[in-house]
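The values are calculated or read from the model by the stated rules, or taken from the named source; none is laboratory data. No experiment lies behind these values; they were computed from the predicted model shown. Here the Cβ positions follow ideal geometry from the backbone for every residue, glycine too, while neighbour counts run over all protein chains shown.
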Amino acid sequence: MINNLKSKYIHWGPMSTLSLRNRRKSPAERAAEIALAASQIALTEGLAAVTVRAVAARVGVTPALIAHYQPSMNVLVAGTFGAIVAAEIDEVAAELAECPTSVQALGALIDTLLGPERNAVTAIWLDAWSLGRRNPALAAEVGRQMDAWQSFLVARLHEGRARGEFVVNDAPAVAWQLLGIIDGLTAHATVRYGDARTQRPLVRTIVEHELALSEGALAPSER
């Protein structure tokens with residue numbers, strides 16, 4: 001979904017933009033157009049590049065019109081971040097739904113979150129953690145999305161425990177531990193300090209230990 005979403009954002013061409021300008025937009029259409037433009041900018045240039053002038057230029061209207069529909073850029077930036085990262089959860093959930101067991105799903109989760117295809121969204125997260133220090137709306141949205149990810153992982157862990165596939169005594173703690181490790185490794189890779197993919201075996205080993213799984217249970221050859 002994120003890859004499709006990103007492609008959709010990036011290939012918003014000038015011809016389509018011009019055709020849309022030729023008719024008066026309803027408030028809902030204009031708001032959607034502004035949200036789309038903000039997401040395009042965020043994915044290609046970063047959250048910090050989402051400004052009134054940048055969005056206006058992308059949409060092809062005056063900055064005053066953007067300000068009319070989005071009087072607070074802090075709120076627009078927060079909403080843009082939230083839409084992008086929430087879409088990633090949906091994409092990952094769809095991938096894991098294809099796994100026949102919870103053990104396989106956890107292995108697939110580690111592989112996809114430490115894969116290069118997640119780099120664009122990882123960069124969005126890094127921007128949000130930094131910009132959120134001065135943007136209360138963004139900070140609140142970061143918290144909501146982090147909680148959403150933790151809840152998503154807790155649900156997967158509870159599911160595996162219910163199936164009798166592994167042991168987990170404190171699913172919320174294990175979920176936070178896994179998220180912290182993955183966030184750290186992908187943050188390093190974003191600034192070209194190592195390659196998160198090479199750390200997959202380490203993360204698998206940690207999770208196997210936490211869930212009392214046999215060594216190599218989460219390795220691709222076992223799925």
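Annotation: Gln145 fulfils all but one of (1) closer than 21 Å to Val50 by Cβ; (2) touching an Asp or Glu at 6+ places or on another chain (Cβ under 7 Å); the unmet one is (2). In the range 163-178, the residues that are farther than 11 Å from Glu208 by Cα reach residues that are among the small types (Gly, Ala, Ser) with C-beta atoms within less than 6 angstrom, at least six apart or across chains, in these pairs: Arg163/Ser102; Glu165/Ser102. Filtering the range 51-82 to residues that are in contact (Cβ under 8 Å) with a residue 24 or more places away in the chain and among the hydroxyl-bearing types (Ser, Thr, Tyr) leaves Tyr69, Ser72, Thr80. For the range 170-183, the criterion of being part of a loop (DSSP other than H, G, I, E, B), in contact with a helix residue (DSSP H, G or I) (Cβ under 6 Å, 6 or more places away or on another chain) and outside the structural domain of Ser39 (by TED's automatic domain parsing) is met by no residue.
Identify all residues within the range 27-58 that are crowded, with 17+ Cβ neighbours inside 10 Å, among the hydrophobic types (A, V, I, L, M, F, W, C) and either part of a loop (DSSP other than H, G, I, E, B) or more than 24 Å from the chain's Cα centre (by Cα) (or both); write none if there are none. Listed by number, the residues that qualify are Val50, Ala56. On the stretch given as the range 184-212, residues that are part of a helix (DSSP H, G or I) and closer than 21 Å to Gly115 by Cβ total 20.
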